[in-house]
Every structure is written in structure tokens, then in C-alpha cells.
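Here is the structure we will look at, set down as C-alpha cells.
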Amino acid sequence: MTTIVRLLLPAALFLGAVLAFDGAAQTVHATKLTSVSPEHCVATLERRVAADPLRCPSALREAVIQASATCRQAGGTLTGAAEGNVWAIDVNGDRRNELAFSLADNMTCTGVYNLFACGSLTCPKSLYELRDGAWKAIGSFSADTPEQLTLGSAEIARHRSLVVCSQPRCAERRVYEWQDMSYEPARASP
């Protein structure tokens, strides 16, 4: 009897999985890149050495270079967070992740503490896409966790719409659609 159970159990599990799949596309949401370290980006910039691309993606490194100059001009010293808050999501289906992050989540300007701050509001995250060998900002949105940013079903010029659901149980959704060369807010919906 146990031989029959051992043979039938995998088949039953497979059949259950097939019946549970209704053919609908799975939700694709952003993912936090756990290897990223803005602290590493700042340190390599100060030492003038190459950064490890897994710990300091070039889009973040370019933002660190600009933030360092801004911080220095304000009379402060740039400090990077040990663990970054950088998200990845492929918005255009090219199998390369676009990156989303805010300066305030990843660095501070010691001596000028509110330089990158947004007050009591969540700082918007900028979304960057690699175009012609350079990272370009293509939009911004406000969300606290990567799971709150998902790909929508609409697609314009290979760029899927973005849906941000930043409230508990998604009481309100904010939709961003591709317009010309960037994402723009389209509508809020219940």
C-alpha cells in the first residue's frame, strides 16, 4: 500500500498545481537588491578605486558622485548606508533590471542632516533605465517596500505600466504610464 501512495502522491501534487493555475499572469513586483552597499560606493569614490558592481551598481555610483558634490558644497561629508535600499524590476521586458532608489534611503550628508530628507513624507524613489550605455532617470514614485511596486497590464513602447499600492490592503492604487520617454502619473483608482 505504501508503494502505491509513493507513486500517486507526486502525481496528485502535480495535478493539484495544474488545476490551481488559472492561466492568469503572475504579479511581478520589484525586488530589493540585498548585495548593494552605498557605504561601499562612497568608500570606493573616496579612495578613487573601482567599485564592485554587485555592491555598487553604476546607477547608484553616479548618484553617489552627484550627492557627494552637493554635500561637499553644503559643507558636509557624504556617508552611505551599510545596507542599501535599491530595488530592481524589469519594466520594459529587455531582461535587464531597471533600478529604483532614493538618496535619502541610502545616504546622509553628515553636518547637513536634512540635505536629502523629505520631512515626514516618504521620499520618492527615482527609477533608472540603462539607455545607450548610460543610466537615465525615467520616472519617480513613492512606495515603502518593493512589494508595493508592481507591473501593470498596459504596455506602451515596450514599457509596462507601473502600479503602486502603498496603503494597507491596497485601498488606493497609483498608476504610472509610459509617455514619450518617461513614466507619468496616470490615475489613482480604488
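None of the figures in this text is laboratory data; all of them are computed from the coordinates on show. These numbers were taken from a predicted model, which means no experiment stands behind them. Heads up, the Cβs are rebuilt from the backbone with ideal geometry, glycines too, and the neighbour counts pull from every protein chain shown.
Taking amide H atoms as placed 1.01 Å from N in the peptide plane, the amide H of TYR183 lies under 5 Å from those of GLY139, each 5 or more residues away in sequence or on another chain. P(r) tail for the range 25-143: Cα pairs beyond 18 Å make up 51% of the total. Taken along its three principal axes, the alpha carbon spread of the range 106-151 comes to 37, 27, 13 Å, from the longest extent down to the shortest.
Segment MET181..SER35, full-extension length gain: 49.6 nm, with 0.36 nm per residue of separation and the alpha-carbon distance subtracted.
A simple spin-label model places pseudo-atoms 7 Å from Cα toward Cβ; at THR79 and VAL28 they are separated by 3.9 nm.
Write out the trypsin sites (Lys or Arg not before Pro) in the range 86-137 meeting two conditions: DSSP loop, and at most 14 other Cβ atoms within 10 Å of their Cβ.
For trypsin sites (Lys or Arg not before Pro) across the range 86-137 that sit outside H, G, I, E and B with at most 14 neighbouring Cβ atoms in 10 Å, the list reads ARG95, ARG96.
The phi-based Karplus calculation (6.51 cos²θ - 1.76 cosθ + 1.60; θ = phi - 60°) puts the 3J(HN,Hα) values of the range 42-52 at 5, 4, 5, 5, 5, 7, 6, 10, 5, 8, 6 Hz, whole numbers, x for Gly and Pro. Once the C-beta distance of ASP90 and ASN114 is scaled by a Förster radius of 22 Å, the resulting FRET efficiency is 0.05 to the nearest 0.05.
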